[in-house]
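So the structure is just underneath, and the comments pick up after that.
The values are calculated or read from the model by the stated rules, or taken from the named source; none is laboratory data. A quick note: this is a predicted structure, and the numbers were derived from the prediction, not measured. Note: ideal-geometry Cβ built from the backbone for every residue, glycine included; neighbour counts use all protein chains shown. The protein model used for the area step is the full one, side chains on, heavy atoms only, and it has no ligands, DNA or RNA in it. Shrake-Rupley method; radii C 1.70, N 1.55, O 1.52, S 1.80 Å.
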Amino acid sequence: MNSFLINECAPLAKLGAEIQEWSFLERFPELAFIAKSNNSLGKQLEQSYLNAVEFSERYVAPQALAIDKKMTEDPHYVPEDLLKKACEYKLFSTMFPAFLGGSGLHPICTFITYEVIATHCVGIANLLGVNGLGICCVLASFDPRGLSVITKEICENEKNGIPTFLSTCVTEPGAGSDAEDADEFANAQLTTTAKKVDGGYILNGTKIFISNGGHAQIHAVMTFDADGAHTPDDQMLLLVRSGSKGLSIPRLENKMGQKACHAAEVHFDNVFVPENMMCRKDESSTSSYSYTGIANVLGVTRAAVGAWSTGVAENAYRTALRYARDNDFLGQPMEQQQWVRLELAQLARRAQVARSTYIGALLAVSTTGLISPLAITQKEPKLPDWLKHNNTVRNLREKVLSGDLTHRAFKFMAQLQTSAERDIATGYGDVAKVSCSELALENCQKAITLMGKGGLRHENGAEKLLRDVRLLQIYEGTNQVNMLDYVKRRVIRQFDTQLSL
Amino acid sequence: MDNETKLILQKSVNDWCLDNTDLIQQLEQPKQNSVAANTLFDELNQLGLLSIFHDEETRSEISMLAEVGCQFAIHSASIALMVVQQNLACALLAQAKLEAPLGWVALPLYDSVYEWSYQIQYEQKGKNTITNGNWLSISLLPIATTLLLPIQAKDKTTSFAHISLSATATKKNNIEISPAITALGLRGAPSGDLKANGLSLSEDDLILNSTKDEDFVTNLWSQAEIYIMAIRSGIAESSYRTARDYATERYQGGKIIIEHSLIRKLLADFYREKSALEENWRTFSQTISPDLSISDGLMGIALASAEKLPWLTSDGIQILGGVGYMSDFIQERRFRDAKQCEFLLGHPQAKAFSNWHADAS
């Protein structure tokens with residue numbers, strides 16, 4: 001046996017050498033190129049990356065496996081210390097514009113932050129980052145009133161070290177991926193409804209697989225108008241507080257992986273939702289609320305799944321690399337065998353391809369999609385501090401934000417987006433989600449195969465990765481649904497005469 | 001095995017599993033349940049399923065054990081593995097003219113014959129063999145009463161140390177056994193680590209010392225690929241059935257899932273692959289001789305099945321969507337078990353190298 005297994009190569013590094021994190025340029029050369037032409041953006045991106053690396057290395061990596069094990073035994077466990085640290089690093093408000101009290105960073109900063117966290121634990125990336133899905137849903141309603149309610153609460157709590165979770169309630173027992181597709185939404189068997197009453201709405205229904213649903217302070221609930229015809233135009237988004245009478249959490253789901261972020265069933269039994277917690281419907285005659293809204297959300301959130309997947313792919317590569325450094329195969333050091341090096345290179349290659357794919361989607365979404373307005377509204381008006389914190393000024397700002405004029409201005413901005421632009425953003429999001437999640441799954445499978453029986457053991461990390469990664473092909477619409485959407489966004493558009501879009 | 005016997009066997013195993021769903025559930029919990037494992041041993045031992053290979057009359061019944069493994073795997077791959085492993089142990093003990101054990105036997109089922117010599121250090125002191133070091137992931141070690149540990153003897157042939165695992169015996173023998181390791185799959189059939197601190201083995205402890213015995217061991221391990229293929233086939237079968245049944249009951253986009261051609265394609269491709277897996281082990285289990293190792297071609301097919309199954313069961317999850325990721329329909333367990341099964345009988349690359357080695361040299 002040993003006659004053909006030779007130590008062909010020198011060790012990869014000196015004995016005891018640790019794997020170092022890449023510099024910003026080494027990890028994101030595409031973004032570094034863009035940053036060269038925009039110094040301010042460059043600084044934001046690099047600083048976000050360094051913060052994410054520091055947070056992940058100090059607080060995520062050391063306890064990722066322990067949290068996974070703990071939450072397998074007790075799904076109600078909440079890693080309080082980690083969440084407090086996340087507040088210090090402002091991870092709950094990274095994607096909010098400065099005029100709403102957020103960090104004012106370019107949206108791309110959020111995505112690279114979560115790729116880095118997912119490189120150490122995608123469950124924790126989901127726990128901290130899933131707020132972004134709810135934010136996007138509210139943002140897509142182009143109702144600054146709803147956005148203001150959420151951002152104010154999240155940002156103020158964050159300053160006080162209190163993590164605030166926003167869950168997004170879409171999936172129901174009878175409606176899964178179809179509820180996350182702009183065209184199929186009308187056919188989905190969504191039964192949650194909101195009936196108009198004096199001063200608000202009465203909400204009834206059940207949502208399942210809701211990330212952070214068990215401890216979210218606010219739930220963004222996709223629902224239909226009970227008195228409507230159940231068409232996309234009857235769809236609405238309600239913001240429901242966790243303490244509301246009639247709201248209950250019947251159970252936490254028993255998921256295979258991503259244990260750090262639990263999924264819950266959320267039940268609404270005659271829950272009263274005040275008027276001001278409803279994100280207004282778009283009354284545009286050119287496009288329905290649901291179509292533009294959902295399509296715009298998916299362009300962003302699917303690119304986000306691409307970022308998380310890339311983190312997992314990178315993690316699989318590093319896990320296998322560490323294992324190969326420390327272990328033998330048939331009596332020879334793994335790292336010194338050429339075939340093992342080839343496998344390691346393939347793992348690194350897939351992670352790099354995934355990264356380029358989701359960065360491409362991000363650039364598309366930043367140019368033509370939902371976050372393009374965010375990308376140009378980052379700067380807060382320069383006011384003296386005494387005026388910034390003046391209650392009258394703050395109240396006035398809130399009134400302006402929640403007023404009809406601002407709503408109309410937001411809608412106007414939204415209508416500037418052409419259907420072609422929307423399809424570019426969403427189509428690229430589809431590709432990022434599918435490609436990156438598939439590359440990540442392949443990396444996890446191959447990493448374990450390389451490691452052999454050692455890959456099956458929890459303490460070596462790879463088995464957790466395989467359990468975690470499998471969800472990435474499912475949420476934000478299954479990969480198959482994403483690809484059918486891609487046909488609509490990109491393939492059909494290539495014809496000079498189109499039946500419908 | 002004739003067709004009638006096969007059908008009776010299938011029905012018996014299936015009925016037993018349906019009657020013992022609580023026991024299966026207890027075994028498959030993330031935490032080791034020794035009580036459930038002992039109950040399982042008593043139940044299956046009474047049925048004679050744990051000593052098929054100890055009985056002179058049925059020792060050559062390769063297809064029978066494969067059938068039992070496949071049928072159990074439809075309900076619980078862990079139990080299927082335990083049954084197969086116990087029978088492999090019985091075959092080794094019978095070859096050494098020793099009695100069938102009254103408890104589970106631990107075997108290093110995650111290592112191929114070619115990997116055994118790299119797991120632990122051996123030193124010859126007089127007539128005794130002294131062993132030191134760790135042998136990781138020995139199947140059933142935490143619940144076993146006996147361990148059959150391969151030992152590289154002074155003449156470089158492999159024998160087995162027959163070690164009793166009672167608390168007093170382990171202290172005497174200078175060995176430590178870890179609690180069940182947290183593994184990806186097959187959690188009902190727990191693995192543990194063995195730490196040998198100068199474990200001294202006399203000639204009496206070593207069984208199967210002759211060259212003939214070594215051939216027997218090599219052939220047994222080689223033929224075991226058939227049983228593991230059968231277990232994989234059972235996992236694929238159950239994942240397919242669950243996906244098909246789910247697709248005929250649930251709605252998506254306004255119609256039953258199975259009415260989407262995309263789902264039909266997924267199911268049709270799954271059916272093709274799981275049928276091929278089944279056909280492979282059934283065909284080969286009828287043809288191989290108990291006295292020979294399997295052919296290089298069959299080893300290739302076994303390795304291909306190991307590589308294929310995690311992707312098949314991944315599709316089994318995908319057809320169910322989010323539900324498939326939750327424990328309710330146990331598709332996630334099949335996915336985990338499938339990946340764990342990839343490493344039964346050794347590292348796939350080690351097996352591929354050894355399969356090719358004779359040709360290269």
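Between the alpha-carbon centres of region B:225-266 and region B:1-55 there is a gap of 25 Å.
Mind putting a number on the dipole of the protein assembly as shown about its Cα centre? Charges go on the C-beta only, +1 for Lys and Arg and -1 for Asp and Glu, and I need it in Debye to the nearest 20. The partial results should precede the final answer.
Values: 81 positive and 100 negative charges, 540 e Å.
Here the size comes out at about 2600 debye.
Can you give the angle from 0 to 90° between the axis of helix A:39-55 and the longest principal axis of chain A, with both taken from C-alpha atoms, to the nearest 10? Tilt relative to chain A: about 70 degrees.
In region B:142-299 the Cα-Cα distances spread across 10 Å bins starting at 0 as 9, 23, 25, 21, 12, 8, 2, 0 percent of all pairs. Take the Cα of A:ALA66, step 7 Å toward its Cβ, do the same at B:LYS11, and the gap between the two points is 5.6 nm. Taking 41 Å as R0, compute the FRET efficiency from the Cβ-Cβ separation of B:GLU57 and A:ASN327 and round it to 0.05. Plugging the Cβ-Cβ distance into 1/(1 + (r/R0)^6) gives 0.40. Test of understanding: what is the full-extension gain from A:GLU156 to A:SER248, defined as 0.36 nm times their sequence separation minus their Cα-Cα distance? Fully extending the segment from A:GLU156 to A:SER248 adds 30.5 nm. A 1.4 Å probe run over region B:113-209, with the rest of the protein chains in place, finds 42 Å² accessible per residue. Each Lys and Arg adds +1 at its Cβ and each Asp and Glu adds -1 at its Cβ; summed about the Cα centre, region B:113-209 shows a dipole of about 140 debye.
Put simply, the C-alpha atoms of region A:166-279 give a gyration tensor, and the ellipsoid matching it has half-axes of 22, 18, 10 Å, longest first. Partner shielding of B:317-324 amounts to 6, given as the average count of beta-carbon atoms from other chains within 10 Å of each residue beta-carbon.
Cross-link partners of B:LYS11 among lysines, defined as those whose alpha carbon lies under 24 angstrom from its own and excluding same-chain residues fewer than eight positions apart: B:LYS274.
Each Lys and Arg contributes +1 and each Asp and Glu -1, all at the Cβ; summed about the Cα centre of chain A, the dipole is approximately 820 debye.
In region B:113-209, what percent of the accessible surface is made up of carbon and sulfur (1.4 Å probe, ligands and nucleic acids excluded)?
Numbers: 1930 of 4090 Å².
Carbon and sulfur atoms account for 47 percent of the accessible area of region B:113-209.
Taking 7 Å steps out from each Cα toward its Cβ at B:GLN46 and B:SER261 produces label points 5.5 nm apart. When you count the other C-beta atoms within 10 angstrom of each residue and take the mean per peptide, A:296-306, A:344-354 line up highest first as A:296-306, A:344-354. In region A:244-277, comparing the full protein assembly with the chain on its own, the residues that lose 30 Å² or more of accessible surface at a 1.4 Å probe are A:ASN254, A:MET256. Mean partner shielding of peptide B:250-258, defined as the number of other chain Cβ atoms within 10 Å of each residue Cβ, is 5. Interface residues of region B:1-42, defined as those losing at least 10 Å² of solvent-accessible heavy-atom surface relative to the isolated chain (probe radius 1.4 Å), are listed as B:PRO30, B:LYS31. By DSSP, the beta bridges lying fully in region A:132-249 are antiparallel in about 70 percent of cases. Annotation for B:SER210 and A:GLU459: the two label points, set 7 Å from Cα along the Cα-Cβ direction, are 4.2 nm apart.
Per residue, how much accessible area does chain A show when a 1.4 Å probe rolls over the protein heavy atoms, in square angstrom? Walk me through the numbers before you get to the answer.
Details: 19980 Å² over 501 residues.
Accessible area per residue: 40 Å².
The GNM of chain B, with springs linking C-alpha atoms under 10 angstrom apart, assigns the highest mean-square fluctuation among B:ALA350, B:ALA66, B:ALA80 to B:ALA350.
Please find the FRET efficiency linking B:SER327 to A:SER419, where r is the Cβ-Cβ separation and R0 is fixed at 41 Å, and quote it to the nearest 0.05. Before the final figure, lay out the partial values.
Values: r = 42 Å, r/R0 = 1.02.
Step by step, r from the Cβ atoms, then E = 0.45.
Strictly over 18 Å apart at the Cα level, which of A:LYS90/A:LYS464; A:LYS433/B:LYS308; A:LYS433/A:LYS488; A:LYS446/B:LYS308 would you flag in this model? Too far apart for the 18 Å limit: A:LYS90/A:LYS464; A:LYS433/B:LYS308. With no solvent and one point on each alpha carbon, what is the Debye value of log10 I(q)/I(0) for the protein assembly as shown at q = 0.05, 0.10 Å⁻¹? Rounded to two decimals, the profile gives -0.31, -1.07. The order of the peptides A:149-161, B:235-247 by mean Cβ neighbours within 10 Å, most packed first, is B:235-247, A:149-161.
Sorted by average packing, counted as other Cβ atoms within 10 angstrom per residue and highest first, what order do B:167-177, B:322-332, B:297-307, A:446-456 take?
Values: B:167-177: 14.2, B:322-332: 20.9, B:297-307: 18.5, A:446-456: 24.6.
Result, highest mean Cβ count within 10 Å first: A:446-456, B:322-332, B:297-307, B:167-177.
Annotation for the B:A interface, with buried accessible surface near 4400 Å², both sides summed [1.4 Å probe; non-protein components not counted].
What is the angle, in °, between the Cα long axis of helix A:289-326 and the longest principal axis of the Cα atoms in chain A? Nearest 10 is fine, range 0 to 90. Taking Cα atoms only, the helix is inclined about 20 degrees.
Take the eigenvalues of the Cα gyration tensor for chain A, scale each by 5, and report the square roots as semi-axes in whole Å, largest first. Before the final figure, lay out the partial values.
Working: eigenvalues 309, 116, 110 Å².
Taking √(5λ) for each Cα gyration eigenvalue gives 39, 24, 24 Å.
Computed from Cα atoms, the angle from the helix A:131-140 axis to the main principal axis of chain A rounds to 40 degrees.
Please compute, for peptide B:173-185, the average count of beta-carbon atoms on other protein chains lying within 10 Å of each residue's beta-carbon.
3
Tally up the carbon and sulfur contribution to the accessible surface of region B:257-361 as a whole percent, 1.4 Å probe, everything protein left in place. Working shown, then result.
On the way: 2260 of 4180 Å².
Roughly 54 percent, rounded to a whole number.
Among the DSSP helices (H) of chain B, those spanning at least 30 angstrom by Cα along their long axis with an average Kyte-Doolittle hydropathy of 0.0 or more are B:296-320; this is a geometric and hydropathy rule only.
Over chain A, what is the mean sequence separation of C-alpha contacts under 8 Å (at least six apart), divided by residue count, expressed as relative contact order in percent? Present the calculation step by step, with values, prior to reporting the outcome.
Working: 925 pairs, mean separation 90.9, N = 501.
Relative contact order comes out at 18 percent.
Counting alpha carbon pairs within less than 8 Å and at least 6 residues apart, what relative contact order, in whole percent, applies to region B:113-209? Walk me through the numbers on the way to the answer.
Numbers: 178 pairs, mean separation 34.4, N = 97.
35 percent.
When the listed pairs A:LYS36/A:LYS152; B:LYS31/B:LYS195; A:LYS255/B:LYS351; A:LYS84/A:LYS152 are checked against a 27 Å cut-off, the alpha-carbon distance exceeds it for A:LYS36/A:LYS152; A:LYS255/B:LYS351.
Using R0 = 45 Å, the C-beta based FRET efficiency linking A:ASN7 and B:SER202 works out to 0.75.
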